[in-house]
Amino acid sequence: MEASLHFHGVRIPCYSRTPRLSHLSSKPWLSSVASPSRSFHAAMENACKGISLRGNSEKKRIEAVLGGEEEEEEEKATGSHGSDTAPFTCVMKFGGSSLASAERIREIAQLIVSFPDEKPVVVLSAMGKTTNNLLLAGEKAVSCGVSNASEIEELSFIKQLHLRTVRELGIDSSVISAYLEELEQLLKGVAMMKELTLRTRDYLVSFGECMSTRIFAAYLNNFGVKARQYDAFDIGFITTDDFTNADILEGTYPSVAKRLNDDWISDPAIPVVTGFLGKGSKSCAVTTLGRGGSDLTATTIGKSLGLREVQVWKDVDGVLTCDPSICPDAEPVPYLTFDEAAELAYFGAQVLHPQSMRPARDGEIPVRVKNSYNPKAPGTLITKTRDMSKAVLTSIVLKQNVTLLDIVSTRMLGQVGFLAKVFSTFEDLGISVDVVATSEVSLSLTLDPSKFWSRELIQQELDKMEEELEKIAFVNLLQRRSIISLIGNVQYSSLILEKAFHVLRTNQVNVQMISQGASKVNISLIVNDSEAEKCVKALHHAFFESDDLSEVVLESGFGNGSATLLPIET
Ligand SMILES: Nc1ncnc2c1ncn2[C@@H]1O[C@H](COP(=O)(O)OP(=O)(O)O)[C@@H](O)[C@H]1O
Ligand SMILES: N[C@@H](CC(=O)OP(=O)(O)O)C(=O)O
């Protein structure tokens, strides 16, 4: 006989055998965290308890709209910080590494229902390496000729992965077949035009998220959990028209909240939203938020709805003390502030999108970085403040292939005019600056390479920049440099610097520039690219692997336990 249960207020049939869960028995973490039969049903029952509460709040909300109670309506539309009666409590974002195969999709679906207290909005990236494959396919299409476009290797990888996934999940291939056909046509179009504009590039990569979300929503529905797929560009994600690196505009927050809340009221279902994508405010074309932009989609939805938490699920146990590909012994950092996480992301830690902390900080929505391969691990909790009394160094980040620029005034301009002219040159050329150090007549700074798409363009832009700056200064351009960012408690900057310089001197490395700046959480050191990884390994070893300087202010002694260190007064 078929019974019925509810998950997130959605009535679902309850079969005598939970569908598609047998594969989970081989996953020890899943059997302990989420015993398939028990926690799945607990999730259903718990959600069932919540529905009467939600019923009341929704009724009030409709009455408020009908009665013209605009203030109350606005408060609800922009979220209520995860109150018991809100339709949603959290965002759960899963990146490509969590969605690499049908097996991973099953595990993620199970993971979602294993949190009985959560009422999530799900945000997904493209499956596995799909975005990279789409970009490579686009680049090959430019020069391969129309008749060869269908044979591009990366197109075959994408087709095989998605068709195999729907087959293995038992989903009708019609959810993605039109996308695969259109993708092939698009590549033929690129081959015919022999060019791939930034606008076309964004449209091309959007296929990844459009397909992963359709597959996942269809699987949840098959699985018995009602879900609804959304393309972010159709639900109010309005951005600038900076293709490949668009910024989210303010109007996004109320629009997204209204659409998700309204749809829930009329027909409750778990939203499954495409990460990374938006709609240009002027062009109305699909835009992307920069590589890794699904994290930003997640925090934007978190702020829109005023949720209790945003969870970003990765393939590592949280934000680590260093990039694990450089330091395999890197350890998870349990707590971070939004400022620390933003600096870390901005200065190159691939784990979070550089802009993703902005909505979270503005909306004061905690962000939790978790491991979808190891859900029991506590992960990293990112909040507005944390206890910094014992924190010294939190994480070491490396950004390579940076251009360093030394600019010395020819004194044709006074100091004020000099700095103004230098920075207006960068603004005019659309070049972003990372780290700056100044004296009265000179300026050293690093340029952000991520703004550039190709070497050719870099050289052209650099030539133009030099030409402009040489009107007022002597310019020395130094390429292939690296920024090593020491993220931590700048109150202990003397301790951090003494230790860091000791390590670098021991390794015979000369630091070419240093900047502490206004940031209270970051000290940046510039070294040659060729020495950078060696430096990072040595620094990580000194700060995190040899003694406990990362956390403890030593009572007596420095490095070997013999000096008293007091915070710098701020
Ligand atoms: N400091 C760091 N902490 C954690 N991961 C890092 C760090 N620096 C670089 N990484 C890399 O970031 C990866 C996770 O980010 P990403 O690939 O964008 O995940 P996803 O695709 O799941 O969103 C990890 O696999 C790791 O190799
Ligand atoms: N798929 C996009 C967006 C994204 O956020 O991906 P991920 O979450 O896998 O880093 C990219 O690869 O850039």
- Query: Counting only residues 5 or more places away or on other chains, whose amide H sits under 5 Å from the amide H of Gly488 once H atoms are built in the peptide plane?
  - Reply: Thr394, Asn522, Ile523
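Would you please classify the overall shape of the stretch 90-314 from the alpha carbon gyration tensor, given that a ≥ b ≥ c denote the square roots of the eigenvalues, rounded means a/c under 1.5, and beyond that prolate means a/b larger than b/c while oblate covers the rest? All intermediate terms of the calculation are to be shown ahead of the outcome.
On the way: a/c = 2.14, a/b = 1.32, b/c = 1.62.
Cα axes put the stretch 90-314 in the oblate bin.
Multiplying the sequence separation of Thr410 and Ala377 by 0.36 nm and subtracting their Cα-Cα distance, what value in nm do you get?
Working: separation 33, 0.36 × 33 = 11.88 nm, distance 5.68 nm.
Going from the current span to full extension adds 6.2 nm.
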- Expressed as a whole percent, how much of the Cα-Cα distance distribution for the stretch 316-444 exceeds 26 Å? 40
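Can you tell me how much longer the chain between Glu151 and Leu419 gets when fully stretched, taken as 0.36 nm per residue apart minus their C-alpha distance, in nm with one decimal? Don't skip to the answer; put the middle values down first.
Numbers: separation 268, 0.36 × 268 = 96.48 nm, distance 5.29 nm.
Full extension from Glu151 to Leu419 adds 91.2 nm.
Normalized C-alpha radius of gyration of the stretch 160-218, against 2.2 N^0.38 Å? Each step should come with its number before you reach the end.
Values: Rg = 12.9 Å, N = 59, 2.2 N^0.38 = 10.4 Å.
This ratio for the stretch 160-218 stands at 1.24.
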- FRET efficiency, 1/(1 + (r/R0)^6) with R0 30 Å, evaluated for Glu103 and Ser177 via beta carbons: 0.85
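State to the nearest 20 debye the size of the charge dipole of the stretch 90-314 about its Cα centre, where the only charges are +1 on K and R beta carbons and -1 on D and E beta carbons. Provide the component values of the computation, followed by the final result.
Numbers: 24 positive and 27 negative charges, 34 e Å.
Its charge dipole is roughly 160 debye.
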- Using 7 Å Cα-to-Cβ label points, what is the Glu498/Ala538 separation (nm, one decimal)? 1.9
- Note on the structure: Label model pair Leu163, Glu467: point-to-point distance (7 angstrom along the Cα→beta-carbon line) in nm is 5.1
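No lab work stands behind these numbers, since they all come straight from the coordinates. Please read these numbers as outputs of a predicted model, since none were measured by experiment. Methodologically, a virtual Cβ is constructed for each residue, glycine included, from the backbone with ideal geometry; neighbour enumeration extends over all protein chains shown.
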